[in-house]
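Since the structure comes first, as structure tokens, the remarks are kept for the end.
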Amino acid sequence: MNRIYKVFSTSQYYFVNFIRIAIFIVMAWIGGLKAFPYEADGIVPFVANSPLMSFFYENSTDKAITNDGREVLEYTLHKNPEGRTVQKNKEWHERNNTYSFSYGLGAAIFFIGFLVILGIWCPKLGFWGGVLTFVMSLVTLSFLFTTPETFVPNLGGDYPTPHYGFPYLSGPGRLVLKDLIMMAAGLTVASDSANKILSKAI
């Protein structure tokens with residue numbers, strides 16, 4: 001068993017670089033998907049409800065009345081299910097800047113991932129990539145508190161579930177919570193890059 005411990009203890013350099021590669025893959029993949037309408041549609045609830053980001057949209061605070069008389073934010077009436085696009089919804093998203101914002105966000109996410117993986121060879125770029133990964137994850141985690149869709153809703157009905165609201169995370173909520181791991185990974189690679197920068201300065 002001691003031999004296994006020794007292998008792990010001497011492999012930290014490779015494991016930290018594996019974290020960098022993993023961050024890059026996630027960032028490049030998700031950032032690239034932001035160029036496609038279904039992904040742009042999917043982030044609308046997060047952005048529209050965020051005090052930090054809602055100003056990017058034209059109709060983020062517009063209200064609408066549902067058929068059953070409830071007042072909701074207008075975007076809830078224009079959701080496209082994954083795998084399907086309704087033309088009138090697409091037109092609404094075009095007016096809302098949904099797609100143009102998503103393109104810019106995707107480019108930013110890809111850029112951060114690229115900085116992180118460059119940290120294997122250039123610690124100064126890698127340091128900023130790690131810091132930006134932390135900041136990006138912090139913003140993403142704020143969605144837990146600003147986006148109603150991150151918790152299971154109380155839909156009522158004949159057999160209402162007793163499990164709704166906090167702490168019962170919905171699919172989007174579980175997705176957001178995973179950014180806590182990305183936050184820790186960003187700090188890890190930033191710290192490793194800082195150590196390399198300081199060791200060269202001595």
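Brief remarks follow.
- Some residue of the range 61-75 being part of a helix (DSSP H, G or I), modelled with pLDDT under 95 and more than 20 Å from the chain's Cα centre (by Cα): yes
- Against the list (1) surrounded by 13 or more Cβ atoms within 10 Å (Cβ to Cβ); (2) free of Cβ contacts under 8 Å to residues at least 24 places away in the same chain; (3) closer than 29 Å to PHE15 by Cβ; (4) not acidic (Asp, Glu), the condition VAL131 fails is (2).
- Condition check for VAL16: touching an Asp or Glu at 6+ places or on another chain (Cβ under 9 Å) and either polar (S, T, N, Q) or surrounded by 17 or more Cβ atoms within 10 Å (Cβ to Cβ) (or both): yes
- Residue that is surrounded by the most Cβ atoms within 10 Å (Cβ to Cβ), among those in the range 65-82 that are closer than 14 Å to PRO45 by Cα and hydrophobic (A, V, I, L, M, F, W, C): LEU73
- For the range 22-30, the criterion of being among the small types (Gly, Ala, Ser), touching a residue at least 12 places away in the same chain (Cβ under 8 Å) and out of contact with any Cys (no Cβ under 6 Å at 6 or more places or on another chain) is satisfied by at least one residue.
- Taken across the range 179-190, residues that are over 22 Å from ILE43 (Cβ atoms), surrounded by 21 or more Cβ atoms within 10 Å (Cβ to Cβ), at pLDDT 95 or above and touching a Lys or Arg at 6+ places or on another chain (Cβ under 7 Å) do occur, with at least one present.
- Within the range 83-102, if we keep just the residues that are in a loop (DSSP other than H, G, I, E, B) and closer than 15 Å to VAL44 by Cβ, the residue that is modelled with the lowest pLDDT turns out to be THR85.
- Just one of (1) under 20 Å from the mean Cα position of the chain (by Cα); (2) outside any helix (DSSP H, G or I) fails for LEU105. It is (2).
- Residue within the range 141-159 that is of a type in the set (Asp, Glu), in a helix (DSSP H, G or I), modelled with pLDDT under 95 and under 19 Å from SER50 (Cα atoms) present: yes
- Some residue of the range 52-64 being crowded, with 19+ Cβ neighbours inside 10 Å and within 30 Å of THR188 (Cα to Cα): yes
- Filter pass, LYS124 being over 16 Å from the mean Cα position of the chain (by Cα), touching a residue at least 40 places away in the same chain (Cβ under 8 Å) and farther than 26 Å from LYS178 by Cβ: yes
- For the criterion of being among the small types (Gly, Ala, Ser) and in contact with an Asp or Glu (Cβ under 8 Å, 6 or more places away or on another chain), GLY42 passes.
The values are calculated or read from the model by the stated rules, or taken from the named source; none is laboratory data. Values in this document were obtained by computation on a predicted structure and should not be read as measured data. Heads up, the Cβs are rebuilt from the backbone with ideal geometry, glycines too, and the neighbour counts pull from every protein chain shown.
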